[in-house]
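Student: Take this structure first; my questions come after.
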Amino acid sequence: MDLFNELNTSGALTLSALNERVTQAVDESFPEACWMQAETSDVRVQGAAGHCYLEFVEKDAHSGQIVAKARGTIWARTFQQLKPYFEEETGQAFVSGLKVLVKVTVVFHKLYGYSLNVIDVEPSYTLGDLVRKRQEIIRRLQEEGIFDLNRELPFPVLPQRIAVITSPNAAGYGDFENQLMNNPAGYPFYMKLFPAIMQGEKTEESVVAALDRICRFTDCFDVVVLIRGGGSASDLNCFDSYLLAAHCAQFPLPVITGIGHERDDSIVDLIAHTRLKTPTAVAAFLIGQVDEQAGWVNNLQQTLCSRMTEILSAQQTYLKLLAARFPSLVMHRIEQNRTRLQALRSALPASQLLIMKRRTALTEVRQHLQNRWTEYVGGQNREMELTEQFLKMASPDYVLQRGYTLILKDGKIVKRASGLSDGDEITARFADGDRTAIVRQVSSVESNP
């Protein structure tokens with residue numbers, strides 16, 4: 001208690017008194033408004049009053065970490081003037097994440113604390129930053145080698161199967177569908193809608209998701225159409241996204257855009273295969289592509305008909321000429337044949353004489369061949385008879401009939417006495433039968449010298 005009383009008697013400030021002094025110090029340090037560079041964050045507009053509340057932040061250029069922060073306020077009357085001016089000049093909605101150059105008054109309220117009241121904004125500063133970011137995205141796409149990929153895809157001859165990415169409630173989609181399906185020539189088109197959000201912070205994520213869904217069915221489509229209805233230039237900033245542009249650039253089907261106005265080119269427009277200004281212009285382009293092919297077919301048909309007419313006319317002329325010359329050609333051919341027949345008739349006697357000579361020669365040859373054949377067959381018959389007689393004389397039966405005997409041992413003819421031994425059983429074969437005997441003694445007979 002003594003210490004407390006001592007502090008009270010030493011002149012300690014109350015919070016309100018301290019804040020009052022800070023307010024006075026801030027007012028003295030910043031008697032006039034000043035320009036400040038910062039990045040917007042947490043931008044929100046109070047619906048009823050129309051005041052804009054936000055935060056200003058500063059980030060480290062290398063780490064991206066926030067190094068300073070302050071509350072900001074744009075009062076309703078000022079905000080009603082600054083917002084349309086800023087968006088018209090920059091083509092960008094006044095949202096979070098923008099680098100801005102704003103003129104502020106520094107306020108320290110003893111109840112609400114430190115804040116910055118915005119009284120002016122310089123759009124060219126933000127526009128320069130947007131242009132810089134845009135150029136960085138374009139340069140990145142070029143360095144990665146994907147900036148021209150979609151434009152290099154061959155465009156289908158008949159782009160009739162169309163994947164459409166847009167909001168189903170967009171007026172531009174209704175115009176596109178009506179013009180395409182009710183084309184004057186009655187060309188058939190087949191459309192499939194892939195719904196997506198086409199403005200705001202969720203556009204990038206929504207359109208990329210739609211592209212991913214289409215990518216699973218690329219064989220079912222010829223082209224992808226990315227369209228949206230009318231809107232302010234600031235609504236197109238979501239199409240300056242690197243992620244969305246990279247997906248479109250690398251998509252395996254030609255991408256056709258109709259998302260802006262003639263003077264506004266988003267990065268997605270730049271990398272798309274074909275850029276058109278409105279959904280109806282996209283429909284007219286697709287109809288024109290089919291119409292061009294139909295015209296080519298019609299021209300081909302006319303050329304073919306003309307050529308066939310020329311060929312038929314030439315053949316008709318030839319047939320007429322042939323018909324005119326036909327009688328003389330026939331008479332000429334008849335005269336030629338008649339002359340040949342007369343020549344043949346004149347040569348006929350000589351031919352008959354030659355035929356007779358050839359016939360006589362053939363008869364002589366036939367007789368000669370017959371005689372030679374008879375001689376050959378007779379000689380072969382005699383040779384066969386001699387061979388047969390020889391075989392009979394060489395036969396063992398013939399030898400036995402002449403009084404000779406064959407001695408067999410073990411079923412084989414014994415040709416020499418040396419082939420027998422005492423006690424061998426032999427068979428003596430006579431002309432009238434066989435007799436079995438046992439060898440008692442083998443004696444050799446010396447041959448005379």
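Student: Which listed residue (Thr105, Gln37, Ala417) has the Cα farthest towards the positive end of the charge dipole for the chain, taking +1 on Lys and Arg C-beta and -1 on Asp and Glu C-beta about the Cα centre?
Tutor: Ala417
Student: Sticking with this structure for a sec: Using packing as a proxy for protection, rank 280-289, 14-23, 135-144 so that the peptide with the highest average count of other Cβ atoms within 10 Å comes first.
Tutor: Going by the mean number of other Cβ atoms within 10 Å, highest first, we get 280-289, 135-144, 14-23.
Student: Further question on the same structure: Between segment 142-219 and segment 276-351, how many Å separate their Cα centres?
Tutor: If we compute the Cα centre of each part, the gap is 49 Å.
Student: If amide H atoms are built 1.01 Å from N in the plane of the peptide, which residues on other chains or at least 5 residues away come under 5 Å of the amide H of Val225?
Tutor: Answer set, sorted by chain and number: Ala163, Val164, Ile165, Ile256.
Student: Does anything in segment 9-44 have its amide N under 20 Å from the 7 Å Cα→Cβ label point of His109, and if so which residues?
Tutor: It comes to 15-34, 41-44, nothing else.
Student: So, one more: Helix 123-143: angle to the longest alpha-carbon principal axis of the chain, degrees 0 to 90, nearest 10?
Tutor: Between the helix axis and the principal axis of the chain, the angle is about 10 degrees.
Student: Under a point-charge model restricted to the Cβ atoms of Lys and Arg (+1) and Asp and Glu (-1), what is the dipole moment magnitude of the chain relative to its Cα centre, in debye to the nearest 20?
Tutor: Using Cβ point charges on Lys, Arg, Asp and Glu, the chain gives about 4460 debye.
Student: If you count, for each residue, the other Cβ atoms within 10 Å and average over each peptide, how do 268-277, 338-347, 111-120 line up from highest to lowest?
Tutor: Ranking the peptides 268-277, 338-347, 111-120 by packing returns 268-277, 111-120, 338-347.
Student: Could you work out how far helix 203-215 tilts from the main Cα principal axis of the chain, as a 0 to 90 degree angle to the nearest 10?
Tutor: 10 degrees
Student: Considering only protein heavy atoms, what is the solvent-accessible area of Asp265 at a probe of 1.4 Å, reported in Å² to the nearest 10?
Tutor: Here the accessible area works out near 70 Å².
Student: Find the Cα radius of gyration of the chain, compare it with 2.2 N^0.38 Å by division, and give the number to two decimals.
Tutor: Taking N as the residue count of the chain, the ratio is 2.71.
Student: With +1 on each Lys and Arg Cβ and -1 on each Asp and Glu Cβ, how big is the dipole of segment 305-449 about its Cα centre, in debye rounded to the nearest 20?
Tutor: The calculated dipole for segment 305-449 is roughly 1740 debye.
Student: Please find the FRET efficiency linking Glu425 to Arg382, where r is the Cβ-Cβ separation and R0 is fixed at 60 Å, and quote it to the nearest 0.05.
Tutor: 0.85
Student: A follow-up question, please. For segment 149-197, what is the accessible area per residue in Å², given a 1.4 Å probe and the full set of protein chains?
Tutor: 54 Å²
Student: For segment 1-119, what is the accessible area per residue in Å² when the probe is 1.4 Å?
Tutor: Averaged over the residues of segment 1-119, the accessible area is 66 Å².
Student: Hey, another quick one. Nothing charged except the Cβ atoms of Lys and Arg (+1) and of Asp and Glu (-1): what's the magnitude of the dipole of segment 29-70 about its Cα centre? Round to the nearest 20 debye.
Tutor: About 120 debye.
Student: Specify, per residue and in Å³, the volume enclosed by the convex hull of the alpha carbon atoms belonging to segment 359-409.
Tutor: Cα convex hull per residue, to the nearest whole number: 61 Å³.
Student: Another one. Quick check on segment 327-449: take the gyration tensor over C-alpha atoms, sort the square-rooted eigenvalues as a ≥ b ≥ c, and tell me if it's rounded (a/c under 1.5), prolate or oblate.
Tutor: Verdict is prolate for segment 327-449.
Student: For segment 393-403, in order, what is each residue's ³J(HN,Hα) by Karplus, 6.51 cos²θ - 1.76 cosθ + 1.60 with θ = phi - 60°, in whole Hz (x at glycine and Pro)?
Tutor: Taking θ as phi minus 60°, the curve returns 5, 7, 6, x, 4, 5, 5, 5, 5, 8, x Hz for segment 393-403.
Student: Right, something else. Which whole-number percentage describes the relative contact order of the chain, with Cα contacts under 8 Å and a sequence gap of 6 or more?
Tutor: Relative CO of the chain lands at 10 percent.
Student: Kindly write out, for segment 238-244 in residue order, the coupling ³J(HN,Hα) from the Karplus curve 6.51 cos²θ - 1.76 cosθ + 1.60 (θ = phi - 60°), rounded to whole Hz, with x marking Gly and Pro.
Tutor: After applying 6.51 cos²θ - 1.76 cosθ + 1.60, I find 5, 8, 9, 7, 5, 4, 5 Hz.
The values are calculated or read from the model by the stated rules, or taken from the named source; none is laboratory data. Bear in mind that the values here come from a model prediction, so they are computed numbers and not experimental data. Glycine gets a Cβ as well: all are built from the backbone with ideal geometry, and neighbour counts include every protein chain shown. With ligands, DNA and RNA removed, areas are computed over all heavy atoms of the protein, side chains included. Shrake-Rupley method; radii C 1.70, N 1.55, O 1.52, S 1.80 Å.
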